[in-house]
Each structure stands twice: as C-alpha cells, then as structure tokens.
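Remarks on the structure that follows.
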Amino acid sequence: MATVYCIDTSALIAAWYERYKPKRFPKLWDEFDKFIGQDRLVSSQLVLAECAKRSPELHEWLKDREHMFIAPDKAIQQGVQHVLNTYTGLVMAGKQKFAADSFVIATSEVHGYTLVTEETGLDSLRKIPGVCKDMKVPWCNLMQLFDAEDWTIG
C-alpha cells in the first residue's frame, strides 16, 4: 500500500517561499498536484486556515485543492486532546500561530499517515518531530519525502 503523507504548515510555507518557489520549480508543484489527486498528500483543515492568515498566494493555490484537507472527526479530536494534554510544551512553545500542529499529528496517528514537517527537534517534546518520535508516528521532511518517492525534478 502506498504511503499517504500529511503535510504541516511549516512544510508548505518552506516549500512555497523558501526552497521550491512555484515560479522556479513548476514541475515539483505538478508532482504535488499528482499526489493530491491520488489522495496521497493530505492535511488538516486547520493548516488551510493557518495558510490563509500567513500566506495569501499559497492559500489561493491550496483553495483549489480543498479536498486534500481533512475535517477533524471524533477520533481526530480525541487524538488532539491526547496531544494537547500529554505534550503541553508543543502548545506552550509560542505555537498559538501554529494551532494546527496537534491536529496534523492526530490526523497522522489516527489514519496511519506519515507526517511531513520542516520543523527540527527530534529530542524536543516541544516540536513535531519529537512528539512524533514519542508517539511512534512516522514523519519526514520534504527532501525525505522526495527521496522516498523517488522524485526527480528537472
């Protein structure tokens, strides 16, 4: 069975603005589109809301792909509560602007997805990688996704 990836806000923003701007890497964004069309790249609805606040251009692109955003059902909401109650540092670390973190983690855990983040901090329970490690939720960064899926762009 093919891996499904659940992408967080940091990965989307880093890809769009810092590393793989669509103007410079259009074929990469075509690959993202293919993955979205195959239901292999998903996210939480809260990520879409965060992108609306932080990145108008990225939000416009994402709006045309709204089907990739998963609404938090009861199982995800319970997972979010577990994350918030267990990993208080995730929220306390100035994350009010990144409220979707717990939802992306819970969505990945509930559905067995691999979480994609550009956060670092594998040994910190204040960061997504550290929480994922502790919860045994698979995660990767963008380059690891490209490698795992053998994407060659160019």
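Right, Leu115: closer than 26 Å to Trp29 by Cα, in a strand (DSSP E or B) and either in contact (Cβ under 8 Å) with a residue 60 or more places away in the chain or among the polar types (S, T, N, Q) (or both) or not? Taking the combined requirement at face value, the residue satisfies it. For the range 84-105, the candidate set comprises residues that are modelled with pLDDT under 95 and of a type in the set (A, V, I, L, M); within that set, the residue that is surrounded by the fewest Cβ atoms within 10 Å (Cβ to Cβ) is Met92. Tell me which residues, restricted to the range 95-154, are under 15 Å from the mean Cα position of the chain (by Cα) and among the polar types (S, T, N, Q). Within the range 95-154, Ser102, Thr107, Ser108, Thr114, Thr117, Thr120, Asn141, Gln144 qualify.
Is there a residue being closer than 17 Å to Ala14 by Cα, crowded, with 20+ Cβ neighbours inside 10 Å and of a type in the set (A, V, I, L, M, F, W, C) anywhere in the range 63-76? Looking through the range 63-76, none of the residues is closer than 17 Å to Ala14 by Cα, crowded, with 20+ Cβ neighbours inside 10 Å and of a type in the set (A, V, I, L, M, F, W, C).
Scanning the range 1-11 for residues that are touching a Leu at 6+ places or on another chain (Cβ under 7 Å) and either more than 13 Å from Asp101 (Cα to Cα) or without any contact (Cβ under 8 Å) to a residue 40 or more places away in the chain (or both) yields a single hit, Tyr5. Within the range 99-108, one or more residues are of a type in the set (Gly, Ala, Ser), touching a residue at least 40 places away in the same chain (Cβ under 8 Å), in contact with a Cys (Cβ under 9 Å, 6 or more places away or on another chain) and part of a helix (DSSP H, G or I). Here Lys27 meets each of (1) over 16 Å from Thr117 (Cβ atoms); (2) among the charged types (D, E, K, R); (3) under 15 Å from the mean Cα position of the chain (by Cα) with one exception, condition (3).
Listed here are the residues, each with its yes/no results for (1) surrounded by 18 or more Cβ atoms within 10 Å (Cβ to Cβ); (2) out of contact with any Asp or Glu (no Cβ under 8 Å at 6 or more places or on another chain); (3) in a helix (DSSP H, G or I).
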| residue | (1), (2), (3) |
| --- | --- |
| Leu12 | yes, yes, yes |
| Lys21 | no, yes, no |
| Phe32 | yes, yes, yes |
| Asp39 | no, yes, no |
| Ala52 | no, yes, yes |
| Trp61 | no, yes, yes |
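Selection of first residues in the range 132-144 that are closer than 20 Å to Ala15 by Cα and of second residues that are at pLDDT 95 or above and surrounded by fewer than 17 Cβ atoms within 10 Å (Cβ to Cβ), restricted to Cβ pairs under 6 Å at least 6 apart or on distinct chains, gives an empty result.
Within the range 117-128, the set of residues being crowded, with 20+ Cβ neighbours inside 10 Å and either within 20 Å of Gln77 (Cα to Cα) or touching a Lys or Arg at 6+ places or on another chain (Cβ under 7 Å) (or both) comprises Glu119, Lys127, Ile128.
Per-residue answers, yes or no, for (1) in contact with a helix residue (DSSP H, G or I) (Cβ under 8 Å, 6 or more places away or on another chain); (2) among the β-branched types (Val, Ile, Thr):
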| site | (1), (2) |
| --- | --- |
| Thr3 | yes, yes |
| Ile7 | yes, yes |
| Arg54 | yes, no |
| Asp64 | no, no |
| His82 | yes, no |
| Gly89 | no, no |
| His111 | no, no |
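The values are calculated or read from the model by the stated rules, or taken from the named source; none is laboratory data. The structure presented is a predicted model; accordingly, all values stated were derived computationally and were not measured. So basically every Cβ, Gly included, is an ideal-geometry build from the backbone, and we count neighbours across all protein chains shown.
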